[in-house]
Amino acid sequence: MSKYTDIGVEKHGHVGLIEIRKPPLNFFDVSLINQIADALEEFDKDIEIRASVLAAQGKAFCAGADFSDPKRQEQEESAQKDPAANLPINHLYVQAVRIFRNKKPVVAAIHGAAIGGGLGLAVSADFRVTCPEARFAANFTKLGFHPGFGLTATLPELVGKNNAELIFYTSRRVTGEEATRMGLANICVPQDQVRAEAMKLAAEIAECSPLGLISTRATMRAGLADRVMAATNHELAEQTKLRATEDFKEGVKATAERRAANFKGR
């Protein structure tokens with residue numbers, strides 16, 4: 001029996017496939033991020049695997065954290081009373097950094113929404129294959145919140161500082177075509193071809209020498225995991241502070257009710 005409950009793991013020649021299986025929205029939690037990190041570490045140890053694809057079942061690629069989950073709301077309340085009790089998110093970021101420490105190239109197949117921390121997960125990959133229907137959003141400021149999952153470090157490196165600021169300050173949803181134009185995605189194809197195109201790119205990478213790939217990638221991503229760790233430490237401190245505000249409660253409520261938030265700045 002597989003040790004994975006929220007993901008499927010397959011091998012296709014020299015390409016590994018990780019499929020998120022929490023449809024329709026694939027909300028993440030510590031367990032899911034931990035399982036993805038574990039699977040990537042297994043691929044690192046497997047001499048046959050040279051590249052991997054991160055894909056998802058359901059409507060969304062990953063809609064981030066589920067703020068309407070009662071269990072999460074309990075955690076939010078305890079975090080407000082005692083910041084030291086804020087272990088689940090802290091632990092989630094510890095697992096997130098593990099994803100950035102993997103050694104082999106990853107192609108993300110973004111067939112649907114990649115929102116909030118789900119965008120952070122998409123950006124952890126080396127490349128992104130997407131489609132016009134996909135939506136990329138760092139919706140943290142609409143929640144009365146601060147960006148997380150290392151996005152303050154990773155997104156500017158990908159799209160440039162000013163595009164990252166635009167995405168953060170507006171919380172807007174960027175289409176697959178716009179994402180490709182600004183460098184957030186590499187390839188845009190029809191929705192039903194996203195996974196096949198991601199597998200094709202991973203297979204092209206896998207034709208190269210495994211040692212050469214690992215060596216070159218280590219050079220290109222030198223220090224990235226440490227930058228992400230420093231970023232998540234700062235992001236977590238800001239998130240913990242803002243989680244205690246009235247605006248955060250209103251942002252979460254407004255998002256759940258699909259309406260514009262009535263923020264008060266307190």
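Annotations
- Looking only at segment 155-169, and only at residues there that are open to solvent by less than 50 Å² (accessible area, probe 1.4 Å) and under 12 Å from Ala138 (Cα atoms), the one that is farthest from the chain's Cα centre (by Cα): Glu165
- Restricting segment 171-195 to residues that are among the basic types (Lys, Arg) and in a helix (DSSP H, G or I), the residue that is farthest from the chain's Cα centre (by Cα): Arg181
- Of the strands (runs of 3 or more DSSP E) that lie entirely inside segment 1-72, those containing 3 or more residues that are open to solvent by 20 Å² or more (accessible area, probe 1.4 Å) span 7-12.
- Residue check, Arg266 in contact with a helix residue (DSSP H, G or I) (Cβ under 7 Å, 6 or more places away or on another chain) and surrounded by fewer than 14 Cβ atoms within 10 Å (Cβ to Cβ): yes
- Count of segment 209-230 residues, restricted to those that are out of contact with any strand residue (DSSP E or B) (no Cβ under 8 Å at 6 or more places or on another chain), in a helix (DSSP H, G or I) and open to solvent by less than 40 Å² (accessible area, probe 1.4 Å), is 5.
- When segment 231-263 is limited to residues that are over 17 Å from His146 (Cα atoms) and not basic (Lys, Arg), the one that is least open to solvent (accessible area, probe 1.4 Å) turns out to be Ala256.
- Condition check for Ile187: under 25 Å from Asp46 (Cβ atoms) and of a type in the set (Val, Ile, Thr): no
- Long-range neighbours under 6 Å by Cβ, at least six apart or interchain, first residue within 15 Å of Asp126 (Cβ to Cβ) within segment 180-201, second open to solvent by less than 30 Å² (accessible area, probe 1.4 Å) and in a helix (DSSP H, G or I): Gly183/Val159; Leu184/Val159; Ala185/Ala179
- Qualifying residue in segment 196-208 (condition: assigned to a loop (DSSP other than H, G, I, E, B), buried (at least 17 other Cβ atoms within 10 Å of the Cβ) and modelled with pLDDT of 95 or more): no
The values are calculated or read from the model by the stated rules, or taken from the named source; none is laboratory data. Quick caveat: nothing in here was measured; it's all calculated off a predicted structure. All Cβ positions, glycine included, derive from the backbone under ideal geometry; neighbour counts span all protein chains shown. With ligands, DNA and RNA removed, areas are computed over all heavy atoms of the protein, side chains included. Shrake-Rupley method; radii C 1.70, N 1.55, O 1.52, S 1.80 Å.
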